[in-house]
Structure formats: C-alpha cells, structure tokens
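A.B. asks: Okay, handing you the structure first.
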Amino acid sequence: MKLFLDSAILSEIKEAVSWGIVDGVTTNPSLIKKAAQSRGEGEEAIDMEGYIKQILASVGRLCPVSLEVAALSVEEMVEQGKMLYERFDSVAGNAVIKIPVCTMNGRGEGNLFDGIAAINELAEEKIPINATLVFTPEQALLAAKAGAEYVSPFAGRVDDRIRRKAGITFEKPDYFPLNGITDESGKEMVNDYGLLSGVELVARIVEMFREYEIECEVIAASIRNAIQVRECAAVGADIATIPFGVLKSMVMHPGTSDGIDAFTADLVPEYLDLFKADENTGQEVSE
Ligand code: G3P
C-alpha cells in the first residue's frame, strides 16, 4: 500500500519525505489556502508558482503530486488542467491533475457531467487524472470509465455526514466504526447513500475495481486517524493520503515509549563501551 501525504505545506512535505515513506502528495484548494496562510509574520506573500515547483521537486520523480483545477465548467477545467500539467510536470515528471467527479454545487447549479467529461478529455490527452470528491462507488465507476488514473473516496467526510445525520457531535480526529452506528432507537443503522462508513465506501470501490479488472488506483482520502488508515489498508486501498498529524500519530504507541524507557535504563556500561571507540582503528563510532 502506498502512502501519500495530504498537505500543501512545504515544510511538512520535506520532513515527511526525509523519513523515506512518502510515495506521493495530494493537495486541494483548502490545503493550498492553509499553506498560503501559514506564512509567518513579516514573510512575503507566497509565490504560488515557485512554491508548487518546490513541492514537486521535493517529492521527486515517480512520486505523484495532485494539483486541483479551480474552475467548474468542462471547458475551463480542461484548459486549466492542461495549463497545470504543462507548467508543472516538467519540474519532476510527477504532476497529476485533480478534477472533481461532479461540479454541481450545493444549490444545484452547474452541469452534472462536466467533471466526468473533463476527466475524459484530459485522459485522452494522456494527462494523469485523480478524480476527487468521490462519495459513492458509482461516482468512482464513472470516473474510472472516463479514464481517471486515480479516484479519491472521501472516507472521513462520509463518516461526518453519517454522524451529523445521527445528531452526534464529534471532533475531526474521532474514530468512526467501520461497521457504522445505529440511530437513537438503537435498531436502525444510519447510512449515507447506502454506506455505513467511509471505510465501507473505500471497500466497495476496491471490490468493484477488482471484480471488473478496472485499472484505476483507489486513494483513500479525507483520513482522520491512524485506525482509519489500518482499516483502509485491510480493505485493500491502493493508497491512503494522510495528513501530517495523522502520519505522525501512526508511529507512536505508549508500549513503544515504555520499551524505550526500559531499554535505555538497562544499558550497561560494558555495552555502551562498544559504541565509544573502535578498538582496532581507534576511531569514534557514530551514535
Ligand atoms: O484528500 C482529501 C482531503 O484533503 C479532505 O480531507 O479532512 O478536509 O475531509 P478533510
């Protein structure tokens, strides 16, 4: 399973890349906004083109970086997708264009199939596409048929919708059970478009793509905590795109820290001497 970093903050990207476990990066307009706003006082406003080029270069060849279009109509999305690809793929050959699977807004405005048509047109031009804002297996199927190389089911936001429906208050990193929750009566499961959890959405897409041998990678997105990563891995997601904080939480465990304390306390001088100097060469051995 590949791990992508879900961030547009260059310092986070560089740090995570230095750990040697980042296979790619995903950005979106909200993450770019966060990066633009994270400039310290007195720092110059972000030079967006240069900044994005630094991201692409830091992540490196063979590690895809998703960049999202800003427009909502098919013509403009295709134009912007081509522009982004031409301008940024030359940096490290790793640009992927993110297109929303459907650009109709919350007021019902916009053409239903502009996202799918834009994916199709860009894919025909051999531009790799990550279809984003996927909330159902059907949307994933349409995106894959249109030629998307990746689909991004928003697991955490499906869980948010179910909790809101159930009237549950929650914090963003809270765990949501893979098998869903019941309503107030305790008898009926609460669902979102027939799905009991975000991880179920990922699982259904993975199963469908395997069943029909559809060559499109599933990026579990909108990840909220380490257990969700574990569950997305268990259901066969090809990739999980993970926020920096969640990635850090994945390496921590109190048992590991307790073990570190115990091992450190048990270090005997004879063992520590091994690390002081190499008897044969007389050279210091680095710690
Ligand atoms: O990759 C999608 C992601 O950035 C959205 O995450 O936490 O805003 O639902 P979130």
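The values are calculated or read from the model by the stated rules, or taken from the named source; none is laboratory data. Only a predicted model underlies this, so the values are computations on that prediction, with no experimental measurement involved. With ideal geometry, Cβ positions are generated from the backbone for all residues, glycine too; neighbour counts draw on all protein chains shown. We work out accessible area using only protein heavy atoms, side chains counted, and drop any ligands, DNA or RNA first. Shrake-Rupley method; radii C 1.70, N 1.55, O 1.52, S 1.80 Å.
A.B. asks: Could you give the length gained on full extension between ALA262 and ARG230, defined as 0.36 nm per residue of separation minus the Cα-Cα distance, in nm?
C.D. replies: The ALA262-ARG230 span can extend by a further 8.8 nm.
A.B. asks: Once fully extended, how much extra length lies between ALA71 and GLU41, figured as 0.36 nm per residue of separation less the alpha-carbon to alpha-carbon distance?
C.D. replies: Going from the current span to full extension adds 7.7 nm.
A.B. asks: Please give every one of the aspartates and glutamates within straight-line cross-link reach of LYS187, meaning a C-alpha to C-alpha distance under 19 Å, and leave out same-chain neighbours fewer than 8 residues apart.
C.D. replies: Straight-line reach from LYS187, under 19 Å: ASP159.
A.B. asks: What number comes out for accessible area per residue over the chain if the probe is 1.4 Å? Units Å², please.
C.D. replies: 55 Å²
A.B. asks: Further question: May I ask you to derive the FRET efficiency for LYS14 and GLU125 from their Cβ-Cβ distance with R0 = 41 Å, giving the value to the nearest 0.05?
C.D. replies: For R0 = 41 Å, the calculated efficiency reads 0.85.
A.B. asks: Something else now. Along each of its three principal axes, how wide is the spread of alpha-carbon positions in the range 155-250, in whole angstrom units, largest first?
C.D. replies: Largest first, the range 155-250 extends 41, 34, 16 Å along its Cα principal axes.
A.B. asks: Here is a follow-up. Of the peptides 197-208, 63-74, how do they stack up when ordered by the mean number of other Cβ atoms within 10 Å, highest first?
C.D. replies: 197-208, 63-74
A.B. asks: Hey, another quick one. Kindly provide the helix-only [θ] at 222 nm of the chain, computed as the sum of -39,500 (n - 2.57) over DSSP H runs of four or more divided by all residues, to the nearest 500 deg cm²/dmol?
C.D. replies: One gets -13500 deg cm²/dmol as the mean residue ellipticity at 222 nm.
A.B. asks: Taking springs between alpha-carbon atoms closer than 10 angstrom, which of GLY255, GLY236, GLY156 fluctuates most in the Gaussian network model of the chain?
C.D. replies: Ranking GLY255, GLY236, GLY156 by mean-square fluctuation puts GLY255 first.
A.B. asks: In the Gaussian network model of the chain, springs joining C-alpha atoms below 10 Å, which of GLY24, GLY259, GLY186 carries the largest mean-square fluctuation?
C.D. replies: Result: GLY259 has the largest fluctuation of those listed.
A.B. asks: State the percentage of accessible surface on the chain attributable to carbon and sulfur atoms; use a 1.4 Å probe and exclude ligands, DNA and RNA.
C.D. replies: Ligands and nucleic acids excluded, carbon and sulfur reach 52 percent.
A.B. asks: Take each complete run of DSSP H in the chain, measure how far its Cα atoms stretch along the helix's own axis, and keep only those covering 18 Å or more with mean Kyte-Doolittle hydropathy at least -1.0; list them.
C.D. replies: 74-92, 198-211
A.B. asks: Further, regarding this structure: Using per-residue counts of other Cβ atoms within 10 Å, averaged over each peptide, order 263-269, 25-31 from highest down.
C.D. replies: So the peptides 263-269, 25-31, ranked by packing, come out 25-31, 263-269.
A.B. asks: On the principal axes of its Cα set, how long, how wide and how thick is the range 26-149? Give whole Å, largest value first.
C.D. replies: Here the Cα extents, ordered largest to smallest, are 45, 34, 25 Å.
A.B. asks: Still on this structure, I have one more. Using alpha carbons only, how many angstrom separate the centre of the range 164-191 from the centre of the range 35-101?
C.D. replies: 36 Å
A.B. asks: What does the highest-first list of 123-130, 137-144 look like by mean Cβ count within 10 Å?
C.D. replies: Packing proxy ranking, top to bottom: 137-144, 123-130.
A.B. asks: Next question. Compute the length gained on full extension between GLN54 and ILE214: take 0.36 nm times their separation in residues and subtract their Cα-Cα distance, giving the result in nm to one decimal.
C.D. replies: Additional length available on full extension: 54.3 nm.
A.B. asks: Hey, which of these cross-link pairs are over 32 Å Cα-Cα: LYS2/LYS172; LYS82/LYS165; LYS2/LYS126; LYS98/LYS165; LYS34/LYS82; LYS2/LYS276?
C.D. replies: LYS82/LYS165; LYS2/LYS276
A.B. asks: In Å and on Cα atoms, what radius of gyration and Dmax does the chain show?
C.D. replies: My reading of the Cα-based Rg and Dmax gives 22.3, 77 Å.
A.B. asks: A further question on this structure: Please list the non-local residues whose amide H lies under 5 Å from the amide H of VAL25, H modeled 1.01 Å from N, same-chain partners needing a gap of 5 or more.
C.D. replies: Result for VAL25 returns LEU5, VAL65, SER66.
A.B. asks: Follow-up question, since we're still on this one. For the range 1-94, just say rounded, prolate or oblate: build the C-alpha gyration tensor, square-root its eigenvalues into a ≥ b ≥ c, call rounded for a/c under 1.5, and beyond that prolate if a/b exceeds b/c, oblate if not.
C.D. replies: It is oblate, given that a/c is not under 1.5 and a/b is not larger than b/c.
A.B. asks: Let me spell out the model: positive unit charges on the Cβ of Lys and Arg, negative unit charges on the Cβ of Asp and Glu, origin at the Cα centre of the chain. What dipole size does that give, in debye rounded to 20?
C.D. replies: The calculated dipole for the chain is roughly 820 debye.
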